[in-house]
Amino acid sequence: MSFVLIIIILALIFDYINGFHDAANSIATVVSTKVLTPFQAVLWAAFFNVVAFFIFKDHAVANTIGKTVFKDFITLPVIFSGLIAAIFWNLLTWWYGIPSSSSHTLIGGFAGAAITAAWMKDSSLDLAQIIDSGKVFKTVAFIFLAPLIGMLISMFFTLVMIQRLTWIKCGILALVGVGLWFLFQNFQEGKIKENLTKFYRIDKNSKIVSDETIKMKKLTEPEKIEECKKKIEEAQGKVTKAELALKKSQPFFHQYESKGADWVAEQIVANVDIKTTVTSRIGDKLNAFYKTEQLKVLSKRNETRKKEFEYAKATVDSLKPLAKKYYDVGYDSMIALMVTKANMNPLDAIKFKDKMKFDVTNDLSKEISKGDNKMLRYFILGGLLIFIISFIFVEKLREPSAGRQATLFKRLQLLSSAGFSIGHGGNDAQKVMGIIAAALMANGDILDIKDMPNWVPLSCYAAIGLGTLSGGWKIVKTMGTKITKVTPLEGVCAETAGATTLFLTEQMGIPVSTTHTITGSIIGVGATKRLSAVRWGVTINLLWAWILTIPVSALLAALTYWIYTLVN
């Protein structure tokens, strides 16, 4: 069995464990309020974990996870060590009933193994050259922000739900719906801009500028300093051109909502200079055809593959300059020139032409449409509309009573727990997608996370759904009863707040902990009654587990990687 296949299986096992480890997050309040039996609750949660696949198009969280470590330091042993550490910590905390974060243990493990591997080879490397400190900082910040946001939103929803004047309550919910619609529409524009930023290679070339600047500061030889300056100048020139292209593209992508991705892509291609981006993407196609990335990985493990890699790299380097003639001679003519230059036989030429098929308008359209979050907006708006109609029916069209109110909130809890399960699936399954995509990149199978095959998200959503189906009863007890006693009304508020927080952070591409989020939301509903309703001793113990997860996982991964190097 190949190493990459072992890693994919481990990643899906982690995803499965994540499902039953975090099942409590989705079902704790539903079970503790006796709205559903434990078995019914896990079935319900598992189903909506998988529904998330059809709602979230742009895998922003997967991208964040997969790019926490920079590409040059992502290797199969690093990913393997990170996964082993994450699985161990998840099982340990599950066994002791501690609702720790599967997200943070994965990030901690991945980063810890990468830093260890990099420093074992070159101790002079800066952390900024190994890991994306911006992504790590955002993730660490949301250890504290996610539960705080969940708490504040749950307090707000609790105060709205207990409002006795029906029309005021429904009016506030309607305003919340309108506000969320426009907020998520704004997120959509931000995601389209982010996708175009990556499409234009701004992030890639900015990283070259950053790395070469750090490298240059440590050099003393004038020749090497001059070489770094040339690389910085070249990369900065590409960044400047790409940023100008992005600026000229903005008036078009602002019209995505009304005119669609195809129209936006056509306008950009017709009116914006994206030659630098196009030639870079043709370079990607060449690398994919000659398998240079895969051969580069293999050459490090097998000396006999080194010549194959050097030959492939030399061929690609000789063909890349022809890509600059793309606009001058036309795409087909450029491919013909490449076939002649590489002296290909007819059979290889046919394969080459097939693999090099390229449509910049179609590629742009796909990147733009990935930012679409209409499905999520419709789900949020539809959910709030059901709340409003339910309140009007029970409190205005029927004779209001305590029994009807209690029954109403029990039924609404089905909707709120479904929303939280969708957020859980969309957030947590994407983390494993990012790890599997990173493994495929390290193995040379794909060039970028956005190129991940469709079986990756499908298998990840399925694995987390099956994991949720297995349940996690130890943590259900902690989440559902130990923090504070929860009524159906409070369960609705906590789950709605948790779902809203997860939707917000997913749109921002921040991998947050569903555990932290729902814990904060449950604390919020408890604190709304009175501060003494929350068992703060339990909460403080949970906080310590949250703080320790990333550093402990990083240390475990570092130890695993060290043992791996001793054995191999």
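Net charge of the neighbourhood of LEU165, taken over other residues with C-beta under 12 Å away and scored Lys/Arg +1, Asp/Glu -1, is +2. Residues SER416, SER280, SER101, arranged from fewest to most other Cβ atoms within 10 angstrom of their Cβ, appear as SER280, SER416, SER101. Under 5 Å between amide hydrogens, built in the peptide plane, is the criterion, and for ILE446 it picks out MET441 among residues at least 5 positions away or on other chains. Quick note on the chain: its Rg to Rh ratio, both from C-alpha atoms and Rh being the Kirkwood radius, is 1.01. Note on the stretch 201-273: Cα-only Rg and Dmax are 17.4, 56 Å.
Once both labels are positioned 7 Å from their Cα atoms along Cα-to-Cβ, the gap between ASP448 and LYS351 label points is 2.6 nm. Of the peptides 170-178, 76-84, 518-526, the order by per-residue mean of other Cβ atoms within 10 Å, starting with the highest, comes out as 518-526, 76-84, 170-178.
Between 0 and 90 degrees, the angle of helix 374-392 with respect to the longest Cα principal axis of the chain falls at about 10 degrees. Within the stretch 319-377, the trypsin sites (Lys or Arg not before Pro) that combine a DSSP coil assignment with at most 12 other C-beta atoms in a 10 angstrom radius are LYS357.
Note on the stretch 83-218: Cα-Cα pairs beyond 20 Å make up 70% of the total pair count. Of the chymotrypsin sites (Phe, Trp or Tyr not before Pro) found in the stretch 306-413, no site is in coil according to DSSP while having at most 12 other Cβ atoms within 10 Å of its Cβ.
Against the longest principal axis of the chain, how steep is helix 331-341, in degrees 0 to 90 to the nearest 10, with axes from Cα atoms? Roughly 50 degrees between the two axes.
Panel order for GLU399, GLU490, by other beta carbons found within 10 Å of each beta carbon, from fewest to most: GLU399, GLU490. Label-to-label distance, GLU243 versus LEU548, with points set 7 angstrom from Cα along the beta-carbon direction: 4.5 nm. Shown is the FRET efficiency for GLU227 and ASP72, computed with R0 = 22 Å from the Cβ-Cβ distance and rounded to the nearest 0.05: 0.80. Relative to its Kirkwood radius, the Cα radius of gyration of the stretch 274-372 gives an Rg/Rh of 1.02. The angle between the Cα long axis of helix 23-32 and the main principal axis of the chain comes to about 10°, on a 0 to 90 degree scale.
Taking a ≥ b ≥ c as the square roots of the eigenvalues of the Cα gyration tensor, an a/c ratio of 1.5 or more together with a/b larger than b/c marks the stretch 381-469 as prolate. For the chain, the 222 nm mean residue ellipticity estimated from helices alone, with every DSSP H stretch of n ≥ 4 adding -39500 (n - 2.57) and the total spread over all residues, rounds to -27000 deg cm²/dmol.
For VAL69, the residues 5 or more places off, or on other chains, whose built amide H falls under 5 Å of its own are ASP132.
Computed from label points 7 Å out along Cα-Cβ, the spacing between MET375 and TYR311 is 4.5 nm.
For the stretch 173-211, the residues whose amide N sits under 19 Å from a probe point set 7 Å from the Cα of SER133 along the beta carbon direction are 203-211.
Derived scalar couplings between HN and Hα for the stretch 216-223 equal 5, 5, 9, 8, 10, 6, x, 5 Hz in order, rounded to whole Hz, by the Karplus curve 6.51 cos²θ - 1.76 cosθ + 1.60 (θ = phi - 60°), x for Gly and Pro. Computed extension gain for LEU175 through ASP328, at 0.36 nm per residue and net of the alpha carbon distance, reaches 49.6 nm. Given their separation in residues at 0.36 nm each and the Cα-Cα distance between them, LEU555 and TYR96 gain 163.2 nm when the chain is fully extended. Phi angles of the stretch 351-362 translate, via the Karplus equation with coefficients 6.51, -1.76, 1.60 and θ = phi - 60°, into HN-Hα couplings of 4, 4, 4, 5, 6, 8, 4, 8, 10, 4, 5, 5 Hz per residue; Gly and Pro are given as x. Net length available on complete extension from PHE144 to ASP122 is 4.6 nm, with 0.36 nm assigned per residue and the Cα-Cα distance removed.
The numbers here are math on the coordinates, done by the rules we state, and not lab data. This one's a predicted model, so the numbers in the text were calculated from it and none came from an experiment. Neighbour counts run over all protein chains shown; Cβ positions are idealised from the backbone, glycine included.
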